[in-house]
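The values are calculated or read from the model by the stated rules, or taken from the named source; none is laboratory data. This one's a predicted model, so the numbers in the text were calculated from it and none came from an experiment. Ideal geometry is used to build each Cβ from the backbone, glycine not excepted, and the neighbour counts take in all protein chains shown. Surface accessibility is based on the protein's heavy atoms, side chains included, excluding ligands, DNA and RNA. Shrake-Rupley method; radii C 1.70, N 1.55, O 1.52, S 1.80 Å.
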Amino acid sequence: MPHPFFIITGGGGFMNNIKRLWHIQMLELEEQKKNKILKANNILNDLLSKKVEIEIKQQEFKRLKEKYKLIKKEIDKINNEVMEEKVQISKLDNKLYNCFAYNQREIEAVQRRLHSLKKRVNDFENKELFLMEQQETVKNKLTGLSRLLKKKIGDFQQLREQYYLQQDKTKRELKELQKNKQKLYTEVDPEIMKLYNNMRRRFKNPVARAENGICGGCHMTLTTVTQKKLAAAGEQVKCDNCGRLIFME
């Protein structure tokens, strides 16, 4: 299927060559747009931004996970210490139960030791409760962060797929544009192509289409003489104001 710009009637002649140059010019403008999309893609910027967000959240998740492990390790350590202390308490309780074998001073010493051990156990258990609350808080944060990361990674993967699809589509379109442009190059008279290239030193777009007596390049009204030349379509016509090569459909 021909490109939408390829609407050229008639065979050779200067005016048809100018029309072909105009279509080449339009293809070049479109080619520039496609290249701009490839180089400065908004989706790519969004992807990079999302990647940074994910990396930040992953680091946060890693820190929380380490914190959770440290708290668990501390709780396990306290549990071991409490168990050891309770074994000592049990032994001392048995010692007091058989207190008939000891004098009063020894009994009082055992009671003081028991009191000290029970206080330590109580302090350990209070600390354990505090750590367990911290552990639960960190666990909830990890769960929430895990869900958030899963969503962000899913969004990133979806956007990345969209980016590659768009890039592939743009590359295919660009290839088609270049193919059509090369085809037109072969159809333009070499001398007129030389004129076009020389004029490009002055104009970014040296060919303009005239509509309703107005130059499409500078948007100024053409003289009656110039409009008659265009209507005759048999010779080179330039805009009276800007000097661009002009043609009329």
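Test of understanding: among LYS51, LYS65, which residue is farther than 21 Å from LEU159 by Cβ, modelled with pLDDT of 90 or more, in a helix (DSSP H, G or I) and out of contact with any strand residue (DSSP E or B) (no Cβ under 6 Å at 6 or more places or on another chain)? Please lay out each step first, then the result.
Numbers: LYS51 fails: farther than 21 Å from LEU159 by Cβ.
Exactly one of LYS51, LYS65 is farther than 21 Å from LEU159 by Cβ, modelled with pLDDT of 90 or more, in a helix (DSSP H, G or I) and out of contact with any strand residue (DSSP E or B) (no Cβ under 6 Å at 6 or more places or on another chain), namely LYS65.
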Worksheet item: Is there a residue in region 201-224 that is aliphatic (A, V, I, L, M) and more than 26 Å from GLU30 (Cβ to Cβ)?
Response: yes
Worksheet item: Would a scan of region 21-31 turn up a residue that is open to solvent by less than 80 Å² (accessible area, probe 1.4 Å) and over 30 Å from TYR163 (Cα atoms)?
Response: yes
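Among the residues of region 82-93, are any assigned to a helix (DSSP H, G or I), within 30 Å of PHE61 (Cα to Cα) and modelled with pLDDT of 90 or more? Don't jump to the end; show me each part of the working.
If we filter region 82-93 for residues that are assigned to a helix (DSSP H, G or I), which is where we start, we get 82-93.
If we keep only those that are within 30 Å of PHE61 (Cα to Cα) too, we end up with none.
Looking through region 82-93, none of the residues is assigned to a helix (DSSP H, G or I), within 30 Å of PHE61 (Cα to Cα) and modelled with pLDDT of 90 or more.
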Practice prompt. Could you grab me the full set of residues in region 46-105 that are within 30 Å of LYS141 (Cα to Cα), open to solvent by less than 90 Å² (accessible area, probe 1.4 Å), hydrophobic (A, V, I, L, M, F, W, C) and over 23 Å from the mean Cα position of the chain (by Cα)?
Written response: LEU64, ILE71, ILE75, ILE78, VAL82
